[in-house]
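The values are calculated or read from the model by the stated rules, or taken from the named source; none is laboratory data. Keep in mind it's a predicted model, so treat the numbers as computed, not measured. When we count neighbours, we look across all protein chains shown, and the Cβ atoms used for this are built from the backbone with ideal geometry, even at glycine. All accessible areas refer to the heavy atoms of the entire protein, side chains included, with ligands and DNA or RNA removed. Shrake-Rupley method; radii C 1.70, N 1.55, O 1.52, S 1.80 Å.
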Amino acid sequence: HRLVFPRAVMLALASATGWDIRYELAANVVVALCVLGMLALLIERTVRPVAPGLTPWLILAASLSTFSLTQWENWLAGWQLQIFMNALAAVVTVWALARWGTGWLGLALALLAAIAGALSFATGLVLLALIPLGLLIAPQFDQGASHLKRLALAVTVGAGVVTLYLIGFRLNPGHPTPLFLFSHPLSYAHYILIYLGGGLFVGLRQPPSL
C-alpha cells in the first residue's frame, strides 16, 4: 500500500493532539459518515426516479453495512482510517460519474477521487480501471471525438498512476499473489460475496482468508 493520504491525516492529528488515538477513532467515524452521505446521494439519484419507495430502505441497508459492528476492529484502530478513506474515494468516484456523466467535470473529479483512493489503500487502484469502463457504459457516451478524448485521458491517467505506483513494488512473503482473482475466480467470488454480506449480520464469522 502507498498510504500517502491516511499517513498525512494521522500525522496531522498526532501533531495536534499529542497522538491521542481518540481523535483518530473520531476521524474514522467522520469519514464513515461521509461515506454514508455519498451513498445516500447515489441512491437518491439512481433509485428514487424509478423506485421511490425503495430508496429509504436502501439507505438504511447502506447505513447498516457502513456502520456494521462486524468491522469492530476498524472502529477501534485509528490506523484503519486508510480503509474508510479508500471507501470514501470509491463512492465519490462513482458519484462524480453518476452526477456529471461523461463530461470533463465528472471525469476530472472521478480521476482525482480514484487517485486519492489508490494513495489511501491498494484496492483503490481498481477505481482507475473502472472509470474507463464507466465511461463506455454510460448512456450519454457516444463515439464522438470529444468522448473518445475523455476515454483516452482516463486510460492514460490510470495506466500512468498504476505504473508509478508499482515502481519498487515487492510482494510480502506469505501474502497471496495479486493475481489470485485470475487464478482462482470462483474462490475469489465466494470471498467477495461473504465479505459484502457479512456487514449486515453481526454474528457472522469473518470472511475466510485468501
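May I ask you to order 87-93, 101-107 by the average number of other C-beta atoms within 10 Å around their residues, highest value first?
On the way: 87-93: 23.9, 101-107: 17.3.
So the order, starting with the most tightly packed, is 87-93, 101-107.
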Long-range Cα-Cα pairs in segment 49-158 (distance over 17 Å), rounded percent: 60
Tell me what the chain gives for mean residue ellipticity at 222 nm when only DSSP H runs of n ≥ 4 count, each as -39,500 (n - 2.57), the sum divided by the residue total, rounded to 500 deg cm²/dmol. -22000 deg cm²/dmol
Highest first, please rank the peptides 183-196, 159-172, 32-45 by the mean number of other Cβ atoms sitting within 10 Å of their residues. 32-45, 183-196, 159-172
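Under a 1.4 angstrom probe, counting protein chains only, how are 22, 99 ranked by accessible area, largest first? Working shown, then result.
Details: 22 165, 99 100 Å².
Per-residue accessible area, sorted high to low, gives 22, 99.
Assuming R0 = 35 Å, what is the FRET efficiency of residue 194 and residue 54, from their Cβ-Cβ distance, to the nearest 0.05? Before the final figure, lay out each step's value.
Values: r = 25 Å, r/R0 = 0.70.
Calculated transfer efficiency: 0.90.
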What ranking, highest mean first, results for peptides 110-118, 74-82 when packing means the other Cβ atoms within 10 Å averaged over each residue? 110-118, 74-82
Ignoring any ligand, DNA or RNA, what whole percent of the accessible area of the chain comes from carbon and sulfur when the probe is 1.4 angstrom? 73
For segment 148-155, in order, what is each residue's ³J(HN,Hα) by Karplus, 6.51 cos²θ - 1.76 cosθ + 1.60 with θ = phi - 60°, in whole Hz (x at glycine and Pro)? 5, 5, 5, 5, 4, 5, 4, 5
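So with the 1.4 Å probe, I'd like the accessible area per residue for the chain, rounded to whole Å².
For the chain, the per-residue accessible area is 60 Å².
If you take the Cα Rg of the chain and divide it by 2.2 N^0.38 Å, with N the number of residues, what do you get?
Numbers: Rg = 18.4 Å, N = 210, 2.2 N^0.38 = 16.8 Å.
Normalised Cα radius of gyration, the chain: 1.10.
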